[in-house]
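Chemist: For reference, the structure I am asking about is given below.
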Amino acid sequence: MASHSETALLDWRARCKAKKQQQLDAIPKAWHIDPPPEHLFNVQHVPYACGLLNPRELEITDTTDVHVLLAKLAAAEWSSVEVTTAFYKRAIVAQQLTNCLTEIFVERALQRAQEVDDYLRTTGKAMGPLHGLPISLKDQFKIKGLETTMGYASWIGQVADSDSVLTQILYECGAVPFVRTNVCQTLNWGETFNHVFGRTTNPWNRYLTAGGSSGGEGALVAMKGSPLGIGTDIGGSVRIPSAFCGLYTLRPSYERLPYCGAVNSQEGQESISSVLGPMTNSISGVKLFVKAVIDSKPWEKDPLVVRKEWSEKEYTLSEHGGGKKLCFAVMWDNGLLKPHPPLWRAMRMCKKALEAAGHTVIDWQPYRMMEIFKNAESIYCADAGHDFREVCREAGEPVIQTMSPETNKHEFALDEPLVQSVLGPEQKMLTAWELWQLHKEKRALRKAQLDHWQATRDTTGTGRPVDAIISPAAPYVAPPHGLNNDYFYTTFCNAMDYTTSVVPVTFVDEELDRPALPHEFYNRHDKANYELYDPKLFHGAPVGLQVIGRTQEEEAVIAMTEILDKALKTYDTAERE
């Protein structure tokens, strides 16, 4: 007779298998494609070759500028039903190639799209600022009547009896939520893998990770299977997938956008708040989404949202010289891990492009970074993993200990992430008083960092402190599965609550991005990171960078990202000519 533990083990595995089959059954049979060979790593061409999408559907899904999509939808040039159908087909192709989705609900989404079309036809008006636009949601945002498993076996079968506040606002703005996307178990990995749905891969190279925890969104949007996806970020979870997959995103400050009603891990931990952010193929999509949500007055539905309207004054950079002559600082290195050569080249490209556009670029001097890193990670680990273990225990599911695949594991997989080297392998559960001391220390570190930033006024030449910092989002581009072990380039911004975007800059080029000479390593992880770099392995992978602004500077960071994006494209055109 099987023991209780053996029965529980069989039960959670059976539940996951049944859920995965339910997902497969939700795909229309006519939308299945012949899978490419497993050794085909870059699958970006498959939507054009598989025969599922017709030329008009390819035209629709290749329209990456969200502003153009919305204009065509509002003018009834394209109907929401045909736009939603086109993106749904491409999303299903992306699912079959990268395993990026969780919930698939085709009929429900098309019914909603028809409602939006009927509204436009009968009233002559768009339903709202996001009229008819298909939007994908990370598997945290509840949709009434659908499950939200968030990658936990124990949450299979939990059907939402209400919408999250963000979902409510999207409906009011005329949007069409149409798929939900994969996450990592616990949400606390920079990669995407769970026992329920499996591993999400990067469409630019399936041997590499799509990042996490919003990796499902990253892979889906990168394959143009969604024009706009919504992820969340507590340590880099929208920025890491966006950088790894070649997307634009925004990590807003605490409580600027509505999180109420979404499920989460470690709920109640509010010193470093998780925030939501858009992930798109165009900077216009970032602005349109953020403005639409803020204009809906989310503070009337979510009591934690800051009562701050969209400021056109801030968007025109009134506190940054009107955007005429900005001073950016480049953080070439954070003092913990040196970035790989493609990231150095991308930062040099930004410097040259901005200077050619008339702006100033100086070096950023990292300040007290190890203290910030240790403080933030100590807060994250304050419960010593109790939350994760309890949720997994409900179904007998084991807590995932590594993102490395069981087979075809990369030879440089580290035995522990950098955080374990800093905090030690065993973290104890902190008392309330001990946690309060960390909060106190964090406030002091934020004040010290503010003073450090303010002091740059003496070196910018503008009479103002540095307007924004440009930095890597990770010390590497998308690494092989199981190797995204350092998150501090992004967590720094979460701990300091800096509004931060990601902008795609270039792609790895094995001829241009030759390995650097060995340097004096900061630690063994820095050495391992140096040894990991292989220009042939990473060739063709996207290279994205962060644009870091101040707290509650969403409008200004979006505007400065637009300036950088335009400068890069103008400079690239001039170089080619």
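Chemist: Only residues that are without any contact (Cβ under 8 Å) to a residue 60 or more places away in the chain and in a helix (DSSP H, G or I): list them for the stretch 512-529, please.
Modeler: Lys527
Chemist: What's the number of the only condition in (1) out of contact with any Asp or Glu (no Cβ under 7 Å at 6 or more places or on another chain); (2) in a loop (DSSP other than H, G, I, E, B) that Ala243 fails to meet?
Modeler: Of the numbered conditions (1) out of contact with any Asp or Glu (no Cβ under 7 Å at 6 or more places or on another chain); (2) in a loop (DSSP other than H, G, I, E, B), the odd one out for Ala243 is (2).
Chemist: Let me ask another. Testing Thr551 on (1) closer than 30 Å to Ile272 by Cα; (2) touching a helix residue (DSSP H, G or I) at 6+ places or on another chain (Cβ under 7 Å); (3) in a loop (DSSP other than H, G, I, E, B), one condition comes back false. Which one is that?
Modeler: Among (1) closer than 30 Å to Ile272 by Cα; (2) touching a helix residue (DSSP H, G or I) at 6+ places or on another chain (Cβ under 7 Å); (3) in a loop (DSSP other than H, G, I, E, B), Thr551 violates only (2).
Chemist: From the list Leu423, Leu438, pick out the single residue that is in the same structural domain as Ala353 (by TED's automatic domain parsing), under 27 Å from His525 (Cβ atoms) and either modelled with pLDDT under 95 or under 24 Å from the mean Cα position of the chain (by Cα) (or both).
Modeler: Details: Leu438 fails: either modelled with pLDDT under 95 or under 24 Å from the mean Cα position of the chain (by Cα) (or both).
It is Leu423.
Chemist: Which one of the conditions (1) of a type outside the set (Asp, Glu); (2) outside the structural domain of Arg464 (by TED's automatic domain parsing); (3) assigned to a loop (DSSP other than H, G, I, E, B) does Ser318 fail to meet, given that it meets all the rest?
Modeler: Only one criterion in (1) of a type outside the set (Asp, Glu); (2) outside the structural domain of Arg464 (by TED's automatic domain parsing); (3) assigned to a loop (DSSP other than H, G, I, E, B) is unmet by Ser318, namely (2).
Chemist: Against the condition within 15 Å of the chain's Cα centre (by Cα) and modelled with pLDDT of 95 or more, how does Arg199 come out, does it pass?
Modeler: Values: within 15 Å of the chain's Cα centre (by Cα): no; modelled with pLDDT of 95 or more: yes.
In short, no.
Residue by residue, here is whether (1) of a type outside the set (A, V, I, L, M); (2) farther than 30 Å from Leu537 by Cα; (3) in a helix (DSSP H, G or I) holds:
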site	(1), (2), (3)
Ala292	no, yes, yes
Asp302	yes, yes, no
Arg307	yes, yes, no
Phe328	yes, yes, no
Asp333	yes, no, no
Leu336	no, no, no
Met347	no, no, yes
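Chemist: Could you identify the single residue in Leu537, Leu545 that is part of a strand (DSSP E or B) and either on the phi > 0 side of the Ramachandran plot or within 24 Å of the chain's Cα centre (by Cα) (or both)? Explain how you work it out, then say what you get.
Modeler: Values: Leu537 fails: part of a strand (DSSP E or B).
That would be Leu545, the only listed residue that is part of a strand (DSSP E or B) and either on the phi > 0 side of the Ramachandran plot or within 24 Å of the chain's Cα centre (by Cα) (or both).
Chemist: Looking at the stretch 208-222, I want the residues that are at pLDDT 95 or above and have a partner that is of a type in the set (A, V, I, L, M) and assigned to a loop (DSSP other than H, G, I, E, B) with Cβ atoms under 6 Å, at least 6 apart or on another chain. Which pairs are those?
Modeler: Pairs that qualify, where the first residue is at pLDDT 95 or above and the partner is of a type in the set (A, V, I, L, M) and assigned to a loop (DSSP other than H, G, I, E, B), are Leu208/Ala478; Thr209/Ala478; Ser213/Val183; Ser213/Leu187; Ser214/Val238; Gly218/Ala210; Ala219/Ala210; Val221/Leu247.
Chemist: Ok, one more. With Tyr171, Tyr152 as the choices, which residue is in contact with a helix residue (DSSP H, G or I) (Cβ under 9 Å, 6 or more places away or on another chain), surrounded by fewer than 24 Cβ atoms within 10 Å (Cβ to Cβ) and not aliphatic (A, V, I, L, M)?
Modeler: The conditions single out Tyr171.
Chemist: Do you know which residues across the stretch 350-409 are in contact with a strand residue (DSSP E or B) (Cβ under 8 Å, 6 or more places away or on another chain) and assigned to a helix (DSSP H, G or I)?
Modeler: Cys350, Lys351, Leu354, Glu355, listed by residue number.
Chemist: Between a residue in the stretch 314-326 that is under 20 Å from Cys350 (Cα atoms) and crowded, with 18+ Cβ neighbours inside 10 Å and any residue that is modelled with pLDDT of 95 or more and among the aliphatic types (A, V, I, L, M), which pairs come within a Cβ distance under 7 Å, given they are 6 or more apart or on different chains?
Modeler: Hits for this filter: Leu317/Ala556; Leu317/Ala559; His320/Leu326; His320/Ala556; Leu326/Met560; Leu326/Ile563.
Chemist: Restricting to the stretch 459-489, count the residues that are part of a loop (DSSP other than H, G, I, E, B) and on the phi < 0 side of the Ramachandran plot.
Modeler: Total meeting the criteria: 18.
Chemist: Next up: Pick from the stretch 38-57 the residues that are in a helix (DSSP H, G or I) and without any contact (Cβ under 8 Å) to a residue 24 or more places away in the chain: which of them is nearest to the chain's Cα centre (by Cα)? Steps first, please.
Modeler: First, pick out the residues of the stretch 38-57 that are in a helix (DSSP H, G or I): 46-49, 55-57.
Going one step further and asking which of them are without any contact (Cβ under 8 Å) to a residue 24 or more places away in the chain, we end up with 48-49, 55.
Numbers: Tyr48: 26, Ala49: 28, Pro55: 30 Å.
Here the answer is Tyr48.
Chemist: Go through the stretch 111-141 and give me each residue that's in contact with a helix residue (DSSP H, G or I) (Cβ under 8 Å, 6 or more places away or on another chain) and aromatic (Phe, Trp, Tyr).
Modeler: Phe141
Chemist: Residue check: is Ala160 surrounded by fewer than 24 Cβ atoms within 10 Å (Cβ to Cβ) and either farther than 20 Å from Lys89 by Cβ or free of Cβ contacts under 8 Å to residues at least 12 places away in the same chain (or both)?
Modeler: Yes.
Chemist: Separate question: Specify the residue that is nearest to the chain's Cα centre (by Cα); the eligible residues are those in the stretch 272-290 that are within 24 Å of Gly151 (Cβ to Cβ) and part of a loop (DSSP other than H, G, I, E, B).
Modeler: Ser274
Chemist: Mind counting the residues in the stretch 302-336 that are out of contact with any strand residue (DSSP E or B) (no Cβ under 9 Å at 6 or more places or on another chain) and of a type in the set (A, V, I, L, M)?
Modeler: 5
Chemist: Inside the stretch 530-553, can you point out the residues that are crowded, with 19+ Cβ neighbours inside 10 Å and either free of Cβ contacts under 8 Å to residues at least 24 places away in the same chain or touching a strand residue (DSSP E or B) at 6+ places or on another chain (Cβ under 7 Å) (or both)?
Modeler: Ala541, Pro542, Val543, Gly544, Leu545, Gln546, Val547, Ile548, Gly549
The values are calculated or read from the model by the stated rules, or taken from the named source; none is laboratory data. Computed from a predicted structure; not experimentally measured. Cβ sites come from the backbone with ideal geometry, for glycine too, and all protein chains shown count toward neighbours.
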